[in-house]
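**Student:** What follows is a structure written as structure tokens; I'll ask about it next.
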Amino acid sequence: MENRIKEIREEEGIKQYALAKMTGLSEGYICHLEKGTRENPSYKTMVKISSALKRKVQEVFNVG
């Protein structure tokens, strides 16, 4: 599943460690999602990341 986490995070001026803190996820996990080496996050995880980036899930993740 492709995502725009890194693109949007950088647009918003948010560092990976800050996004990790905002979402309660590990910085490593966010890094893997951005690189595409980790795929299929749960919907709950997609909501956490999207909310932290102030975007809709559909804007961040390529879903439906």
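The values are calculated or read from the model by the stated rules, or taken from the named source; none is laboratory data. Keep in mind that this is a model prediction, so the values were computed, not measured. Methodologically, a virtual Cβ is constructed for each residue, glycine included, from the backbone with ideal geometry; neighbour enumeration extends over all protein chains shown. SASA here: full protein model, heavy atoms, side chains in, ligands and nucleic acids out. Shrake-Rupley method; radii C 1.70, N 1.55, O 1.52, S 1.80 Å.
**Student:** For the chain, with all protein chains present and a 1.4 Å probe, just round the carbon and sulfur fraction of the accessible area to a whole percent. Can you show the working numbers first?
**Tutor:** Values: 1940 of 4190 Å².
Heavy-atom surface of the chain belonging to carbon and sulfur, 1.4 Å probe: 46 percent.
**Student:** Here is a follow-up. Which peptide among 47-54, 35-42 comes first, and what is the full order, when sorted by highest mean count of other Cβ atoms within 10 Å?
**Tutor:** Working: 47-54: 18.2, 35-42: 11.0.
For the peptides 47-54, 35-42, the packing ranking is 47-54, 35-42.
**Student:** What accessible area per residue comes out for region 3-57, rounded to a whole number of Å², with a 1.4 Å probe? Could you put the intermediate results ahead of the total?
**Tutor:** Numbers: 3480 Å² over 55 residues.
Using a 1.4 Å probe on heavy atoms only, each residue of region 3-57 averages 63 Å².
**Student:** Just to be sure I understand the model, the point goes 7 Å from the Cα along the line to the Cβ. What's the resulting Lys15 to Ser51 distance in nm?
**Tutor:** For the pair Lys15/Ser51, the computed spacing is 2.4 nm.
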